[in-house]
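**Student:** Before I ask anything, let me first share the structure, which is written out below as structure tokens.
The values are calculated or read from the model by the stated rules, or taken from the named source; none is laboratory data. Since we're looking at a predicted model, the values are computed, not measured. Cβ placement follows ideal geometry from the backbone for every residue including glycine, while neighbour counts extend to all protein chains displayed. We work out accessible area using only protein heavy atoms, side chains counted, and drop any ligands, DNA or RNA first. Shrake-Rupley method; radii C 1.70, N 1.55, O 1.52, S 1.80 Å.
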Amino acid sequence: RSYFQRLLFPGLYALIFDSYREKPLQYTQLFKVEKSDAAFEELRTMAGLGLFVRTPENVEFSQDRFYDGFPKRFQHDDWTLGIGFSHQFLRDIKSRIARERSMDLGRSARSTQEETIASMLNLGFSGTQLGPDGVALFSASHPNIRGGVQSNLISPISTLSVTSYRLMLTKFRRFFDDTGVRRINLDPSRLVVPAELEFQANEIVKSMGRPDTANRADNVTRNATEVFVYDYLTDTNNFFMAAQKDQQHLIVFNRENFGVREFEDEKTMVEYVVGRYSQSYGWPHWMGWVGSNPS
């Protein structure tokens, strides 16, 4: 009660507390979200057959096989937070603050999920967060299972512009699968940008004419993708292009949905509300994403 003396007085007109409109969840729009009913989930990659071989008459046919790839285990983490009020505080308080406990735990849980899951992109160029292939999510040296490497960075690394946007679109058309064969068809769906690049991105994607020249020129890549402003990106220069959710592999597993539990400490008569959820996130494969991290 000593922290909230003014709230114990009658006549308090209003308490400004979480009265703002909450952001909608963004990670569910951008990444795959799956349920889990196990202690962990594990996904593996695999490479299929290569190209056919020209075979002369009376020569035995060539043989091929499937190749095992890289394993990715999703180990669920538990997340908790609680708040307690004394019996005297709840008895004497003149505002609704105590009733907001569960709702505010829910807001905090959503914000925590957004901040932590966004690290897949925020640390996507960093050696501190490696994928199952041993390199960062965005790398120039992703190893193919059957040999060779490929990149999901545009070259040259550059700031957001009409040119770099088109480099990303082209990159999607030039990917190999893990056999080293160019036969996959990915559909770039979203240009993912921080808030600082929102208006520039919309000009590039939605303008009828090219926004980078005074000459009359049609914007031939107009509406090639949507613009997705990801509010939880921490670098104001980095931007990304993502395939449709069913064509890329950044995944969130929900082991236990957010919930609250109330209980009272019998000795102190402090009433607690505790929220918890269990979740994991990551990627078994980088395919379906292209990035640029200009300095």
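**Student:** Based solely on its DSSP helices, what 222 nm [θ] is calculated for the chain when runs of n ≥ 4 H residues each add -39,500 (n - 2.57) and the sum is averaged over all residues, nearest 500 deg cm²/dmol?
**Tutor:** Computed ellipticity for the chain at 222 nm equals -5000 deg cm²/dmol.
**Student:** Further question on the same structure: May I ask you to list the trypsin sites (Lys or Arg not before Pro) in the range 92-171 that are in a DSSP loop and have at most 11 other Cβ atoms within 10 Å of their Cβ?
**Tutor:** Answer in residue order: 96.
**Student:** Residues with amide H under 5 Å of residue 33's amide H, sequence separation 5 or more or different chain, H placed in the peptide plane at 1.01 Å from N; which?
**Tutor:** Placed amide hydrogens put 252 under 5 Å from residue 33.
**Student:** For the range 21-53 and the range 178-215, what is the separation of their Cα centres, given in Å?
**Tutor:** 23
**Student:** With θ taken as phi - 60° and the coefficients 6.51, -1.76 and 1.60, list the Karplus ³J(HN,Hα) couplings across the range 84-90 in order, rounded to whole Hz; mark glycine and proline as x.
**Tutor:** Each residue's phi maps through the Karplus curve to give x, 10, 5, 4, 5, 5, 5 Hz.
**Student:** Further question: For Cα extents along the principal axes in Å, several values are listed as [x] 64, 44, 36; [y] 95, 56, 27; [z] 129, 40, 28; flag the one computed from this structure.
**Tutor:** This structure yields the entry labelled [y].
**Student:** Out of 135, 59, 40, whose Cα points farthest toward the positive end of the dipole of the range 40-141 (charges: +1 Lys, Arg; -1 Asp, Glu; placed on Cβ)?
**Tutor:** Checked the options; the winner is 40.
**Student:** Karplus couplings for the range 107-116 from phi (6.51 cos²θ - 1.76 cosθ + 1.60, θ = phi - 60°), rounded to Hz, Gly and Pro as x?
**Tutor:** My calculation for the range 107-116 gives 4, 5, 5, 4, 5, 4, 4, 4, 5, 6 Hz in order.
**Student:** So between residue 212 and residue 135, what do we pick up on full extension, going 0.36 nm a residue minus the alpha carbon distance?
**Tutor:** Going from the current span to full extension adds 24.3 nm.
**Student:** Among 24, 163, 108, whose Cα projects farthest towards the positive end of the dipole of the chain, with charges put on the beta-carbon of Lys, Arg (+1) and Asp, Glu (-1)?
**Tutor:** 163
**Student:** Please work out the Kirkwood hydrodynamic radius for the range 115-229, using every pair of different C-alpha atoms, and report it in angstroms with one decimal place.
**Tutor:** 15.9
**Student:** Residues with amide H under 5 Å of residue 192's amide H, sequence separation 5 or more or different chain, H placed in the peptide plane at 1.01 Å from N; which?
**Tutor:** When sequence neighbours closer than 5 places are left aside, the close amide H contacts are 228, 240, 241, 242.
**Student:** Between residue 177 and residue 63, what FRET efficiency comes out of the Förster formula 1/(1 + (r/R0)^6) with R0 = 22 Å and r the beta carbon distance, rounded to 0.05?
**Tutor:** 0.65
**Student:** Taking the Cα centre as origin and putting +1 on Lys and Arg beta-carbons and -1 on Asp and Glu beta-carbons, what dipole magnitude results for the chain, to the nearest 20 debye?
**Tutor:** 620
**Student:** For 62, 126, 292, give me the order by solvent-accessible area with a 1.4 Å probe, most accessible first, ignoring ligands, DNA and RNA.
**Tutor:** Ranked from most to least accessible, the order is 62, 126, 292.
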